[in-house]
Amino acid sequence: MTTAKPAESPRPSLTSEAPLDVQRVRRDFPILQQQVRGRPLVYLDNAATSQKPHQVIDTLTRYYTKENSNIHRGVHYLSELATTKYEATRSTVKRFINAGEEREIVFVRGTTEGLNLVAQSFGRQRVGEGDEVIISTMEHHSNIVPWQMLCEERGARLRVIPINDDGELLLDEYEKLLSPRTKLVSVVHVSNSLGTINPIKRIIETAHAQGVPVAIDGAQAAPHLRLDVQDLDCDFYTFSGHKLFGPTGIGVLYGKAEHLEAMPPYQGGGDMIKSVTFEKTTYNDLPYKFEAGTPHIAGVIGLGAAIDYVEGIGLDRIGAHESELLRYGIERLSAIDGLKLIGTAGHKASILSFVLDGVHPHDVGSILDGEGIAIRTGHHCTQPVMERFGIAATARASLAFYNTKEEIDALVEGIHHVSEVMG
Amino acid sequence: MSELRELYQEIVLDHNSRPRNFKEIEDADRVVEGYNPLCGDKIMLYVKFEGDTIADIGFQGTGCAISRASASLMTQQVKGRNVAQAEKLFDRFHEMVTGNVDGDLDFEDLGDLEVMAGVSNFPSRVKCATLSWHSLRSALKSQEAHVTTE
């Protein structure tokens, strides 16, 4: 279970809220109103990046039109305004993931930077020769390579939790991998190529029972699941703004204050210091110690608008709508001759990865593109997952709350068309 | 749709389902692995020379219809040609699929390869069409045994 209350699928709303009015929310997304290749755009590549509602776009425009200024050290009106808005997003994020303190929220470029920060600062402090770091087979390359780099530098070893044919972690194997040599576990909350929602609360509990800290890659979870980092008790949690209907180039790293306090800075520069002389530099307090240089101020403020937007709709309503879309998508895709779904976990997010007999995913992608349907094809930066399933690539349709059953129908029709074109 | 039909025309689909020279050459003079990091596709290209002439050529590996058909068509076109002629074909083929044309706008000199012209409407697929060609050029120049499309 990933969250305390209604996070599991199907997720009925606990409130008396009406179901999601999908046509109404679609009107918030200008990009969805357009035609692509002469057809209405069917955007099913949300796991790569999500579209942005006008509430986010307008916030960015307003920022650059009326509020742009550098933050934290200015004494003038605009600098104070920008600082207030920047820090207000920290408070929004704290609420969004239910962190204990605002200083536990560090703004980074995205999930990749969040993971690299943990590896380079926390990891280098803790991992030594002969030690081990545990990840899983279904990690995105961004949760593999930083640990490989660390292990190589330190003479440590990377251990990998295997998965079953449905794309679920083998927790018994995980427990066997944990040992006194284990210094850190870093796993993905929701797999980007399989859709699997991992039981991270249990994974964290198991590691903590042996005193091992756990980092979570939440890139694909944040847009779909209600998060509660205190309930999860994770040591680090990181996600990207652009998959959460916010701007690119901005993300969040949550870390427990006790860890962040003890960690050395990741980058040096302005804003991360209290005082600098050539003899000695005193580092700034949390979270500024980890925010060297002028940050992506517009991105942070835009991320705040995105979270406000998502919370305005409500993650329970989003979850209920996406669960129904996923159920419908699985039903329709499974009925197609020669189509095989990759990633059939019992508990999964709205990601539909598939292969078609005799047709390479790239050809599927191009032919669907010809009908205005945007999907992703390739290895999705998860080459070990492809190897595990003995395939080079998949076609992947990933759904967001603004997608509809009609769009899944268009996808199914498009896949039939692929078979016609390819003969 | 017409652009798609142009991309996936019958000759292309035929070379995809029945690739020519789809074989390993055991006594090849050059063996090159071509890799497209974008999609993970890999091909092995085998070239056997007689003097300056490509006496035999074969390929193996997995890939999309565009990369398979392109490799198959390429092997047919370069077999029996000398290195300079093959390199000239590479340049012309590259011009055609990227749409960056320096030479003649008419690609009749490319023979059957002309069926790949539709790729120029799909920039994301240019690398699929050129993977085998980059591998060939590497084999001809004998610089490295592993090439990527990057």
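The values are calculated or read from the model by the stated rules, or taken from the named source; none is laboratory data. Predicted model, so just to flag it, every value in this text is computed and none were measured. For neighbour counting, all protein chains shown are included, and Cβ atoms are generated from backbone atoms with ideal geometry for every residue, glycine included. In case anyone asks, the SASA skips ligands and DNA or RNA and just uses the protein heavy atoms, side chains included. Shrake-Rupley method; radii C 1.70, N 1.55, O 1.52, S 1.80 Å.
Go over the candidates A:Thr83, A:Thr111 one by one and state the one that is crowded, with 22+ Cβ neighbours inside 10 Å and hydroxyl-bearing (Ser, Thr, Tyr). Before the answer, list the steps.
Working: A:Thr83 fails: crowded, with 22+ Cβ neighbours inside 10 Å.
Only one candidate passes the filter, namely A:Thr111.
Could you tell me which residue of the range B:124-137 is nearest to B:Gln85 (Cα to Cα), considering only residues that are open to solvent by 10 Å² or more (accessible area, probe 1.4 Å) and at pLDDT 90 or above? Don't jump to the end; show me each part of the working.
First, pick out the residues of the range B:124-137 that are open to solvent by 10 Å² or more (accessible area, probe 1.4 Å): B:124, B:126-127, B:134, B:137.
Going one step further and asking which of them are at pLDDT 90 or above, we end up with B:126-127, B:134, B:137.
Details: B:Val126: 22, B:Lys127: 22, B:His134: 15, B:Arg137: 12 Å.
Residue satisfying both the conditions and the ranking: B:Arg137.
Just a yes or no: is a residue in the range A:295-302 farther than 22 Å from A:Gly74 by Cα and not charged (D, E, K, R)? There is no residue in the range A:295-302 that is farther than 22 Å from A:Gly74 by Cα and not charged (D, E, K, R). Taking the conditions (1) open to solvent by 10 Å² or more (accessible area, probe 1.4 Å); (2) within 24 Å of the chain's Cα centre (by Cα) in turn, A:Val212 satisfies each one other than (1). (1) without any contact (Cβ under 8 Å) to a residue 12 or more places away in the chain; (2) facing chain B (nearest Cβ under 9 Å); (3) among the charged types (D, E, K, R): which one isn't true of A:Glu420, the others all being true? Failed condition: (2). Return the residue satisfying two criteria in turn: it lies in the range A:245-301 and is farther than 17 Å from A:Glu101 by Cα and acidic (Asp, Glu), and of such residues it is least open to solvent (accessible area, probe 1.4 Å). Only one residue tops the list, namely A:Asp271. Looking at the range A:372-397, which of the residues that are in contact with a helix residue (DSSP H, G or I) (Cβ under 9 Å, 6 or more places away or on another chain) and within 8 Å of chain B (Cβ to nearest Cβ) is modelled with the highest pLDDT? So the residue we want is A:Thr377. The set of residues in the range A:385-423 being part of a helix (DSSP H, G or I) and closer than 29 Å to A:Ala222 by Cα consists of A:Val385, A:Met386, A:Glu387, A:Arg388, A:Lys405, A:Glu406, A:Glu407, A:Ile408, A:Asp409, A:Ala410, A:Leu411, A:Val412.
Only strands (runs of 3 or more DSSP E) wholly contained in the range A:86-175 count here; list those with 2 or more residues that are over 23 Å from A:Ala292 (Cα atoms) and among the basic types (Lys, Arg).
On the way: elements: A:105-108, A:132-136, A:157-161.
Answer list for the range A:86-175: A:157-161.
Every test in (1) in a strand (DSSP E or B); (2) more than 14 Å from chain B (Cβ to nearest Cβ) is passed by A:Val355 save one, and that test is (2).
Here B:Leu45 meets the list (1) more than 9 Å from chain A (Cβ to nearest Cβ); (2) more than 14 Å from the chain's Cα centre (by Cα) almost entirely, failing just condition (2). Within the range A:122-150, the set of residues being of a type in the set (D, E, K, R) and either under 16 Å from the mean Cα position of the chain (by Cα) or under 21 Å from A:Tyr266 (Cβ atoms) (or both) comprises A:Arg124, A:Arg126, A:Asp131, A:Glu139.
Looking at the range A:412-423, is at least one residue open to solvent by less than 30 Å² (accessible area, probe 1.4 Å), under 25 Å from the mean Cα position of the chain (by Cα) and outside the structural domain of A:Ser142 (by TED's automatic domain parsing)? No: zero hits.
Count of the range B:1-42 residues, restricted to those that are among the charged types (D, E, K, R), assigned to a loop (DSSP other than H, G, I, E, B) and either open to solvent by less than 40 Å² (accessible area, probe 1.4 Å) or facing chain A (nearest Cβ under 10 Å) (or both), is 0.
If I filter the range B:78-99 for residues that are part of a strand (DSSP E or B) and basic (Lys, Arg), do I get at least one hit? No, the range B:78-99 contains no residue that is part of a strand (DSSP E or B) and basic (Lys, Arg).
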